[in-house]
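First comes the structure, then the notes that go with it.
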Protein chains: 2
Amino acid sequence: MNSTLSELTVSAEALEAFTVDALKKAGLSAADARTTAQVLVTTDTWGVFTHGVNSLHRYIQRLIAGGLNPRGVPTIVAEGPAWARVDGQNSVAMVTSVRAMEIAIAKARQCGIAYVGVFNTCHFGAAGYYATMAAEQNMFGVAMANDAPSMNAPGARGRVTGNNPLAFAIPMSPRKPIVLDMALSTVAGGKVSAAHINGKPIPPDWVVDMDGNPSSDPAAFVNGGSLSPMAGYKGYGMAIVVETLAAVMPGASMLADVLRWKIDNVATPTGHGAAFIAIDVEKMMPMDQYQSRAEAMAARIKASPTRTSKDRILMPGEREWDTRDRALRDGIVLPADVVLSLRELCDELKLDLDALRR
Amino acid sequence: MNSTLSELTVSAEALEAFTVDALKKAGLSAADARTTAQVLVTTDTWGVFTHGVNSLHRYIQRLIAGGLNPRGVPTIVAEGPAWARVDGQNSVAMVTSVRAMEIAIAKARQCGIAYVGVFNTCHFGAAGYYATMAAEQNMFGVAMANDAPSMNAPGARGRVTGNNPLAFAIPMSPRKPIVLDMALSTVAGGKVSAAHINGKPIPPDWVVDMDGNPSSDPAAFVNGGSLSPMAGYKGYGMAIVVETLAAVMPGASMLADVLRWKIDNVATPTGHGAAFIAIDVEKMMPMDQYQSRAEAMAARIKASPTRTSKDRILMPGEREWDTRDRALRDGIVLPADVVLSLRELCDELKLDLDALRR
């Protein structure tokens, strides 16, 4: 490994300040830059490096080229007691998604549950961040988005639906929220790419090749193949459910009309859609009663007999919360590919990556 | 095959009338008997025979023994603009679930979305029926329930969560609703039992044995094993999500406190929970605009290139709607095990199965 391909350990505060600076240079207001930086850096503290500041470079290229609007203001275009439709105005998707979940939380506080559908948005990063916003307000949270097709369907040859992200967060106390954040393919494309780079075979249920046949060769995905939906028709069906809630209903671009945010023209808006749901659990029963029930559920599951003495039964998201604790204490260890991406960004924006070492 | 083990072709009308008669004999009101019969027979017209009148015998044993209350009246115990908590009073779960979804639909008509959580209920059959009720009212529908543990979790040795059913229905026109109705295990227990009866091996991701190790022997499930969650930690996580919405929040029995409705004492209520969500799509945009968008999504997916010239890309639920069309035209072909179950029921209640042949 040469110096451009090494890890970098940074504090969350320094990474956030750096991200704010970069986004302000690209035209974002200080407030929007802070919101975006919080989402991305929190994601990195979870160890979900595919969806953190690794994307910053591309977002900023879009902001500069016009594929994202640095001065877009997410705006409610229609609403009722427990729902809203939001035009993201093609602002950075973190800004729009945080705003949309805030609206859902406020309306759920009044009505018990609320749905907010979004159009004119872009790749929103880690769905789990927005679901967790609700959980931190003692609400059950759901976040989802559509994406350009990358996933096969039963009987299909090529890419049919997006690998649409879907996250749920369950409020807990004193535990951290239970957070289930998943793509609807068997594995994310990044895992296939990693196997490809490392020249390793993959299980036959990860991808299909360009002819629609299961393949153990990761190159099959790169060469016109597609990701296999998780659990076959169930993952395919869930992708249609998310496409409906996050694109058909809000009025966003659908299926192949959504541009690939990483690959396609950075000057053109991608047209993604998203949806956010919050449920105020305190409406159903006193909060302490809910909390003791939720904690009992988690405790009972975790106390189940394990397969071997070395196994642990984890709550969804538990590993990520542990990773975050370590990251806040010892620093975030950014992987080499993220460092490389930030270095390229620094070259373009005349920023100093070494400022991160402070 | 002897005469007790043969199929029986019946009309939906006759099967419904028979079911109403049987339920009235067990003490249900005519209205509740009709509601229950509609749910069960519709399920059979879909070809989902595991969840139709096949369960009638056991429900009626519970009604007679006290494990279900024939005069229970599902009752709202707390509510707000877009939510309600319903005590099923241990009535037949079809009655409670239909009532709960009606409440969700009425509240969603006012607020845009509504959540109804249920406690004191039992096995509710096909989740897809209740989700479809919403879709037939131009609403996006969700139905789910918890169940006694049958499913493994990553790292666990035995049964940790229920194989919690979860269904979504998407309103379409002129198409039939898209209905995704799934258990959260790789396959339902019935498929494992069928392989066991037929002495056939199963794929290694269907079950784990009593030690928590994947097994290709269907006997492993029967002998203290568990069903494997679909897509590993994702199916496990989804089971926790459903347990939260359908049991923790409504105040129903959780995890192993839920009795096994088929096996455990028929005189004791099972304590299941359930949850129902409806979203009024017409709030977001004019109905004809929504419909043309939803139809375009389905049409584009179905028009995707297929793997071979013989493959067809189906919408979730499409096969079941086709099966129902045939069943309404040519009769429902009840499988031998269902006929056997009805025959036993007839013996107990002094009903005439041959009345079905009319």
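Select from the range B:345-358 the residues that are in contact with a His (Cβ under 6 Å, 6 or more places away or on another chain) and either surrounded by fewer than 13 Cβ atoms within 10 Å (Cβ to Cβ) or small (Gly, Ala, Ser) (or both) and list them in ascending order.
Matches in the range B:345-358: none.
Of the numbered conditions (1) within 23 Å of A:Thr268 (Cβ to Cβ); (2) open to solvent by 10 Å² or more (accessible area, probe 1.4 Å), A:Phe168 fails exactly one; give the number of that condition.
It fails just one condition, (1).
B:Leu342 is checked against (1) within 14 Å of another protein chain (Cβ to nearest Cβ); (2) within 21 Å of the chain's Cα centre (by Cα); (3) hydrophobic (A, V, I, L, M, F, W, C) and fails just one. What number does that condition carry?
With (1) within 14 Å of another protein chain (Cβ to nearest Cβ); (2) within 21 Å of the chain's Cα centre (by Cα); (3) hydrophobic (A, V, I, L, M, F, W, C) applied to B:Leu342, the lone miss is (1).
I need the full set of residues from the range A:312-334 which are open to solvent by 40 Å² or more (accessible area, probe 1.4 Å) and either in contact (Cβ under 8 Å) with a residue 60 or more places away in the chain or within 16 Å of B:Tyr236 (Cα to Cα) (or both), in order please.
A:Arg312, A:Arg319, A:Glu320, A:Arg324, A:Leu328, A:Asp330, A:Val333
Say we look at the range A:187-204 and pick out the residues that are open to solvent by 20 Å² or more (accessible area, probe 1.4 Å), out of contact with any strand residue (DSSP E or B) (no Cβ under 7 Å at 6 or more places or on another chain) and outside any helix (DSSP H, G or I); which of these is nearest to A:Met230 (Cα to Cα)?
Going through the qualifying residues, I end up with A:Ala188.
Hey, A:Val222 hits all of (1) more than 8 Å from every other protein chain (Cβ to nearest Cβ); (2) open to solvent by 50 Å² or more (accessible area, probe 1.4 Å); (3) at pLDDT 95 or above but one; which does it fall short on?
(3)
Among the numbered conditions (1) within 24 Å of B:Gly155 (Cα to Cα); (2) among the acidic types (Asp, Glu); (3) more than 9 Å from chain A (Cβ to nearest Cβ), tell me where B:Asp211 comes up short.
With respect to (1) within 24 Å of B:Gly155 (Cα to Cα); (2) among the acidic types (Asp, Glu); (3) more than 9 Å from chain A (Cβ to nearest Cβ), B:Asp211 is out only on (3).
Yes/no per residue for (1) in contact with a Leu (Cβ under 9 Å, 6 or more places away or on another chain); (2) in a helix (DSSP H, G or I); (3) aliphatic (A, V, I, L, M):
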residue	(1), (2), (3)
A:Arg300	yes, yes, no
A:Ser304	no, no, no
A:Lys310	no, no, no
A:Leu342	yes, yes, yes
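Taking the stated definitions as given, is B:Glu295 touching a residue at least 24 places away in the same chain (Cβ under 8 Å), within 14 Å of chain A (Cβ to nearest Cβ), open to solvent by 10 Å² or more (accessible area, probe 1.4 Å) and not hydroxyl-bearing (Ser, Thr, Tyr)?
Details: touching a residue at least 24 places away in the same chain (Cβ under 8 Å): yes; within 14 Å of chain A (Cβ to nearest Cβ): yes; open to solvent by 10 Å² or more (accessible area, probe 1.4 Å): yes; not hydroxyl-bearing (Ser, Thr, Tyr): yes.
When the stated conditions are applied, B:Glu295 passes them.
Just to confirm my filter: which helices (runs of 4 or more DSSP H) fall fully inside the range B:1-68 and include at least 2 residues that are out of contact with any Ser or Thr (no Cβ under 8 Å at 6 or more places or on another chain) and polar (S, T, N, Q)? If you could, list the steps in order and put the result at the bottom.
Values: elements: B:12-25, B:30-45, B:56-65.
Result: B:30-45.
Residues being within 13 Å of chain B (Cβ to nearest Cβ), of a type in the set (Val, Ile, Thr) and surrounded by 24 or more Cβ atoms within 10 Å (Cβ to Cβ): count how many of those fall in the range A:94-133.
Counting residues in the range A:94-133 that are within 13 Å of chain B (Cβ to nearest Cβ), of a type in the set (Val, Ile, Thr) and surrounded by 24 or more Cβ atoms within 10 Å (Cβ to Cβ) gives 3.
Can you tell me which of B:Val73, B:Val142, B:Val77 is within 14 Å of B:Ala275 (Cα to Cα), of a type in the set (Val, Ile, Thr) and either at pLDDT 95 or above or under 17 Å from the mean Cα position of the chain (by Cα) (or both)?
B:Val142
Mind checking whether some residue in the range B:269-278 is polar (S, T, N, Q), buried (at least 21 other Cβ atoms within 10 Å of the Cβ) and at the interface with chain A (Cβ under 8 Å from one of its Cβ atoms)?
No, there is no match, as no residue in the range B:269-278 is polar (S, T, N, Q), buried (at least 21 other Cβ atoms within 10 Å of the Cβ) and at the interface with chain A (Cβ under 8 Å from one of its Cβ atoms).
Does the range A:74-92 contain at least one residue that is more than 29 Å from A:Asp330 (Cα to Cα) and in a helix (DSSP H, G or I)?
No: zero hits.
Would you please list the contacts, defined by Cβ atoms under 6 Å and residues six or more apart or on different chains, that run from a residue in the range B:234-249 that is at the interface with chain A (Cβ under 7 Å from one of its Cβ atoms) to a residue that is in a helix (DSSP H, G or I) and at pLDDT 95 or above?
B:Val248/A:Arg293; B:Val248/A:Ala294; B:Val248/A:Met297; B:Met249/A:Val281
Which condition breaks for A:Tyr290 when tested against (1) within 10 Å of chain B (Cβ to nearest Cβ); (2) in a strand (DSSP E or B); (3) not basic (Lys, Arg)?
Unmet condition: (2).
Which residue, of A:Asp322, A:Asp337, is on the phi < 0 side of the Ramachandran plot and modelled with pLDDT under 95?
On inspection, the qualifying residue turns out to be A:Asp337.
Of everything in the range B:22-79 that's crowded, with 23+ Cβ neighbours inside 10 Å and among the aromatic types (Phe, Trp, Tyr), which residue is nearest to B:Gly117 (Cα to Cα)?
Checked the range B:22-79; the qualifying residue nearest to B:Gly117 (Cα to Cα) is B:Tyr59.
State all residues of the range B:309-328 that are more than 8 Å from every other protein chain (Cβ to nearest Cβ) and of a type outside the set (Gly, Ala, Ser); if no residue qualifies, say none. Break it down stepwise before answering.
Applying the first criterion (more than 8 Å from every other protein chain (Cβ to nearest Cβ)) to the range B:309-328 yields B:309-310, B:317-328.
Correct list: B:Lys310, B:Glu318, B:Arg319, B:Glu320, B:Trp321, B:Asp322, B:Thr323, B:Arg324, B:Asp325, B:Arg326, B:Leu328.
For residues that are within 19 Å of B:Ile313 (Cα to Cα) and over 29 Å from the mean Cα position of the chain (by Cα), tally how many sit in the range B:281-299.
Number satisfying all stated conditions: 0.
Could you check the range A:227-268 and list, in sequence order, the residues that are of a type in the set (Gly, Ala, Ser) and open to solvent by 10 Å² or more (accessible area, probe 1.4 Å)?
A:Ser228, A:Ala231, A:Gly232, A:Gly251, A:Ser253, A:Ala256, A:Ala267
Please indicate, with yes or no, whether at least one residue in the range A:328-338 is under 30 Å from A:Met297 (Cβ atoms), outside any strand (DSSP E or B) and not acidic (Asp, Glu).
yes
Only one of these is part of a strand (DSSP E or B) and more than 17 Å from the chain's Cα centre (by Cα): A:Ala104, A:Ala114. Name it.
Being part of a strand (DSSP E or B) and more than 17 Å from the chain's Cα centre (by Cα) holds for just one of A:Ala104, A:Ala114, which is A:Ala114.
Looking only at the range B:136-165, which residues are away from chain A (no Cβ under 11 Å) and surrounded by fewer than 24 Cβ atoms within 10 Å (Cβ to Cβ)?
B:Glu136, B:Gln137, B:Asn138, B:Ala148, B:Ser150
Kindly indicate whether B:Lys350 is closer than 26 Å to B:Gly66 by Cβ, charged (D, E, K, R), out of contact with any Pro (no Cβ under 9 Å at 6 or more places or on another chain) and without any contact (Cβ under 8 Å) to a residue 12 or more places away in the chain.
It is true that B:Lys350 is closer than 26 Å to B:Gly66 by Cβ, charged (D, E, K, R), out of contact with any Pro (no Cβ under 9 Å at 6 or more places or on another chain) and without any contact (Cβ under 8 Å) to a residue 12 or more places away in the chain.
The values are calculated or read from the model by the stated rules, or taken from the named source; none is laboratory data. Here the structure is a predicted model, which is why all the values come from computation and not from measurement. Neighbour counts are summed over all protein chains in view; Cβ atoms, including those assigned to glycine, are modelled from backbone coordinates with ideal geometry. Ligands, DNA and RNA are excluded from the accessible area calculation, which covers all protein heavy atoms including side chains. Shrake-Rupley method; radii C 1.70, N 1.55, O 1.52, S 1.80 Å.
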